[in-house]
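Asks: Before anything else, here's the structure in question.
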Amino acid sequence: MKPHMNIFKNSSSQRKMIFISLLLVAATVAAYWQVHEFNFVNFDDNLYVSENLQVRHGLGKDSLIWAFTAIHAANWHPVTWLSHMLDYQLFGMDSGKHHLVNLFFHIVNSLLLFFILRKMTGSPWRSAMVAALFALHPLHVESVAWVSERKDVLSAFFFMLTLWAYSVYVARRSVPAYLLMVFLFVCGLMAKPMLVTLPFVLLLLDYWPLNRLSFLPSSERYCAKCVGALVLEKLPLIILTVVSSVITCYGQRWAVATLDGVPLSMRIANSLMAYVGYIGKMIYPIHLACLYPYSKILPWWKAVIAGLSLAAITLAALRSARKYPYLIVGWLWYLGTLVPVIGMVKVGSQSMADRYTYVPLIGLFIIIAWGIPELFSRFRLKRTGLPVLSAVILCILWGLTWHQAGYWRDSRTLFEHALSVTTDNSMIHNNLATTLLSMGRTNEAISHYQQALHIDPDYADANYNLGNALCLTGQVDEAERHFLKAIELKPGMASAHINLANALFKQGKLDAAIAHYQKALKIQPGSPEAHADLANVLCRKGQTDQAIEHYLFHIAFKMILIYHCLDPY
């Protein structure tokens, strides 16, 4: 009878796994299917796909070389570039298909998370709850519904595969499994360097659920040799982490705010508040936006309360680590994996970002999936109450995710929603204005550019963009003032010099125009536009020989760009 019972049990377990997997896939597809109708948005999608000529060239020798050698959009992530190139090779500029690839990776990530936790813990339903929270939480909409965040879902894909390879290695202790784990980790780092914390995650999993840490007899202290051996085991991964961190710091050197620009005290305060803020948004995921502006004034008392709250939770998790190991593992997973993007090194203008929670929230989901059943174990109705509560939570999250995903339909919808749920958001005012300008709604665009500058008068891009918009309405004198301000703030902005020169040319200020065209060419000698415009002015002044020289430069650089399919910027 026993063999038959084992066969029946295995068959039942497989059916359960298939049932859970199908439910996960169906729920995730239903929540996100609308993305197949979405457009690219005017929020990095131009840098990554729609205006990136290297990506639009598709997979080829030159593109492959560029992917592995170029630092573009302040990042070195060749695997992400190859993914976008393959998409363009297959789908061209069909934005809906690009969105569906993101969705595909999100579904696979959710399934992998379920299978990995099931394998490590032996608990199918709790593992399924973690995977369902991961698949359906609104905080993950940004990573899925934004084409530019392919790097998020793609790096998480390799993150999950690395965890799977590690579980195989732990079970078999085989060199091939270890080498596969290292290879997958490298791929993940080349998709998004946020995965540098993965060796730390593996050490957490060693503690629970893999139980690879041993205790000294009659003591709660760990065996030092055991801990040292486990750390040494991750040494190749740690070395790769250091290498990736150095490359990332180099690539983001222009995007990183200076220490004088953002004081350390402010970065610490923002980081503490962001840790608590993400937890708040996990519990109450409404008023989500594509960008939360960085506040120049942070109440010190909020930072103190946030810091004390984090310390208290950490202390409580440590004290209960032996009895409830999932608490400390989940909590440190959350704290640790957020470190690269928590804001201690300030990159960009955001105070926090939904996309940063894609992997870190798994730690909190583990606490929820294992902790709530512990609480319900004290109640009589645990067998019916827990499934009902879980179903209600997931249905609510599904509805919120479907609704939040809809805001990513197009640029205008996305930015108008962001402005409705945030304040003093100068970048989003600027981006919405640019979108409206492309739609021919010039006056509305000018209004939003002006609002952006009211919030941040030293916003160089908004000054430049407002100058362009004002030129379209014939307000050339006012445009000149904003171009000069943009140049003052960003002396290396060649396009500002060119457009200012164009404005001066329209006013008949030929010598001043020539001076700015020449400054633009010092910054960007290969600009066909600057050579052509300068040639036009020289013709007007009767300096035909010099004009012909610049026309020839214009033709030569234009032919080079067309031949090599290179972006001049």
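The values are calculated or read from the model by the stated rules, or taken from the named source; none is laboratory data. As the structure is a prediction and not an experimental result, all values here were calculated from the model. No Cβ is skipped: glycine too gets one built from the backbone with ideal geometry, and neighbour counts run over all protein chains shown. Note: areas computed on protein heavy atoms with side chains; ligands, DNA, RNA excluded. Shrake-Rupley method; radii C 1.70, N 1.55, O 1.52, S 1.80 Å.
Asks: Restricting the first residue to the range 485-503 and requiring it to be free of Cβ contacts under 8 Å to residues at least 24 places away in the same chain and within 17 Å of Pro457 (Cβ to Cβ), which pairs with a second residue that is outside any helix (DSSP H, G or I) and of a type outside the set (D, E, K, R) meet a Cβ separation below 8 Å and a spacing of at least six or different chains?
Replies: Close Cβ pairs satisfying both conditions: Ile487/Met493.
Asks: Return only the number of the condition from (1) more than 20 Å from the chain's Cα centre (by Cα); (2) modelled with pLDDT of 95 or more that Val147 does not satisfy.
Replies: Val147 satisfies every listed condition except (1).
Asks: Give the number of residues within the range 321-334 that are surrounded by fewer than 18 Cβ atoms within 10 Å (Cβ to Cβ) and in a helix (DSSP H, G or I).
Replies: Residues meeting the conditions: 0.
Asks: Can you find, within the range 47-62, the residue that is most open to solvent (accessible area, probe 1.4 Å) among those that are under 23 Å from the mean Cα position of the chain (by Cα) and more than 12 Å from Asp87 (Cβ to Cβ)?
Replies: Glu51
Asks: Working only within the range 474-493, note down all residues that are crowded, with 21+ Cβ neighbours inside 10 Å and in contact with an Asp or Glu (Cβ under 9 Å, 6 or more places away or on another chain).
Replies: If the condition is that a residue be crowded, with 21+ Cβ neighbours inside 10 Å and in contact with an Asp or Glu (Cβ under 9 Å, 6 or more places away or on another chain), then Lys485, Ala486, Met493 are the ones that fit.
Asks: With respect to Ala418, is the statement that it is crowded, with 21+ Cβ neighbours inside 10 Å, hydrophobic (A, V, I, L, M, F, W, C), in contact with a Leu (Cβ under 8 Å, 6 or more places away or on another chain) and closer than 21 Å to Phe114 by Cβ true?
Replies: no
Asks: Let me ask something additional. Can you go through Ile523, Ile548 and tell me which one is touching a Gly at 6+ places or on another chain (Cβ under 6 Å), of a type outside the set (S, T, N, Q) and open to solvent by 60 Å² or more (accessible area, probe 1.4 Å)?
Replies: Testing whether each residue is touching a Gly at 6+ places or on another chain (Cβ under 6 Å), of a type outside the set (S, T, N, Q) and open to solvent by 60 Å² or more (accessible area, probe 1.4 Å) leaves just Ile523.
Asks: Would you mind stating whether Thr413 is in contact with a strand residue (DSSP E or B) (Cβ under 9 Å, 6 or more places away or on another chain), surrounded by fewer than 20 Cβ atoms within 10 Å (Cβ to Cβ) and at pLDDT 95 or above?
Replies: Against the criterion (in contact with a strand residue (DSSP E or B) (Cβ under 9 Å, 6 or more places away or on another chain), surrounded by fewer than 20 Cβ atoms within 10 Å (Cβ to Cβ) and at pLDDT 95 or above), Thr413 does not qualify.
Asks: Does Arg380 fit the bill of being modelled with pLDDT of 95 or more and among the basic types (Lys, Arg)?
Replies: It is false that Arg380 is modelled with pLDDT of 95 or more and among the basic types (Lys, Arg).
Asks: Looking at the structure I just gave you, is Thr69 within 22 Å of the chain's Cα centre (by Cα) and modelled with pLDDT of 95 or more?
Replies: no
Asks: Quick check on this structure: which one of Ala311, Ala317 is within 15 Å of Trp208 (Cβ to Cβ) and surrounded by fewer than 22 Cβ atoms within 10 Å (Cβ to Cβ)? Walk me through how you get there before you give the answer.
Replies: Numbers: Ala311 fails: within 15 Å of Trp208 (Cβ to Cβ).
From the options Ala311, Ala317, the qualifying one is Ala317.
Per-residue answers, yes or no, for (1) of a type in the set (D, E, K, R); (2) in contact with a Phe, Trp or Tyr (Cβ under 7 Å, 6 or more places away or on another chain):
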position: Met129; (1), (2): no, no
position: Ser143; (1), (2): no, yes
position: Lys151; (1), (2): yes, no
position: Leu154; (1), (2): no, yes
position: Leu161; (1), (2): no, no
position: Ala171; (1), (2): no, no
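Asks: A further question on this structure: Of the conditions (1) out of contact with any helix residue (DSSP H, G or I) (no Cβ under 9 Å at 6 or more places or on another chain); (2) surrounded by 20 or more Cβ atoms within 10 Å (Cβ to Cβ), Thr384 clears all except one; give me its number.
Replies: (2)
Asks: Another question, then. Could you please find all residues in the range 509-520 being crowded, with 22+ Cβ neighbours inside 10 Å and either in a loop (DSSP other than H, G, I, E, B) or more than 40 Å from the chain's Cα centre (by Cα) (or both)?
Replies: Passing the criteria: only Ala513.
Asks: Another question, then. Here are Ile362, Ile367, Ile396: which of them is in a helix (DSSP H, G or I), open to solvent by 20 Å² or more (accessible area, probe 1.4 Å) and under 30 Å from Leu318 (Cα atoms)? Walk me through it before giving the result.
Replies: Numbers: Ile362 fails: open to solvent by 20 Å² or more (accessible area, probe 1.4 Å); Ile396 fails: under 30 Å from Leu318 (Cα atoms).
Result: Ile367 is the single residue among Ile362, Ile367, Ile396 that is in a helix (DSSP H, G or I), open to solvent by 20 Å² or more (accessible area, probe 1.4 Å) and under 30 Å from Leu318 (Cα atoms).
Asks: Filter the range 266-295 down to the residues that are in contact with a helix residue (DSSP H, G or I) (Cβ under 8 Å, 6 or more places away or on another chain) and loosely packed, with under 14 Cβ neighbours inside 10 Å, then identify the one that is farthest from Leu133 (Cα to Cα).
Replies: If we take residues in the range 266-295 being in contact with a helix residue (DSSP H, G or I) (Cβ under 8 Å, 6 or more places away or on another chain) and loosely packed, with under 14 Cβ neighbours inside 10 Å, then His287 is farthest from Leu133 (Cα to Cα).
Asks: Using the structure shown, decide if Asn39 is modelled with pLDDT of 95 or more, open to solvent by 30 Å² or more (accessible area, probe 1.4 Å) and not β-branched (Val, Ile, Thr). Spell out how you get there, then give the answer.
Replies: Values: modelled with pLDDT of 95 or more: yes; open to solvent by 30 Å² or more (accessible area, probe 1.4 Å): yes; not β-branched (Val, Ile, Thr): yes.
Yes, satisfied.
Asks: Quick check on my filter: what residues within the range 427-473 are of a type in the set (Val, Ile, Thr), in a helix (DSSP H, G or I) and open to solvent by 40 Å² or more (accessible area, probe 1.4 Å)?
Replies: Thr434, Ile455
Asks: If a residue counts only when it is at pLDDT below 95 and among the aliphatic types (A, V, I, L, M), which helices (runs of 4 or more DSSP H) contained entirely in the range 217-305 have at least 3 such residues? Even if it seems obvious, please write down each step before you answer.
Replies: Working: elements: 224-233, 235-251, 264-283.
Passing ranges, in order: 224-233, 264-283.
Asks: Kindly indicate which of Ser63, Ser83 is of a type in the set (Gly, Ala, Ser), under 23 Å from Met190 (Cβ atoms) and modelled with pLDDT under 95.
Replies: Ser63
Asks: Next question. Hey, could you check the range 342-359 for residues that are among the charged types (D, E, K, R) and either in contact with a His (Cβ under 6 Å, 6 or more places away or on another chain) or at pLDDT 85 or above (or both) and say which is least open to solvent (accessible area, probe 1.4 Å)?
Replies: In this case the residue turns out to be Asp354.
Asks: Continuing with the same structure: Restrict the check to the range 14-21 and report whether at least one residue is at pLDDT 95 or above, farther than 30 Å from Asn430 by Cα and surrounded by 15 or more Cβ atoms within 10 Å (Cβ to Cβ).
Replies: yes
Asks: Another question, if that's okay. Got at least one residue in the range 179-202 being open to solvent by less than 30 Å² (accessible area, probe 1.4 Å), of a type outside the set (D, E, K, R), under 28 Å from Glu37 (Cβ atoms) and in contact (Cβ under 8 Å) with a residue 60 or more places away in the chain?
Replies: yes
Asks: Scan the range 204-218 residue by residue and report those that are surrounded by fewer than 20 Cβ atoms within 10 Å (Cβ to Cβ) and either touching a Lys or Arg at 6+ places or on another chain (Cβ under 7 Å) or without any contact (Cβ under 8 Å) to a residue 12 or more places away in the chain (or both).
Replies: Asn211, Phe215, Leu216, Pro217, Ser218
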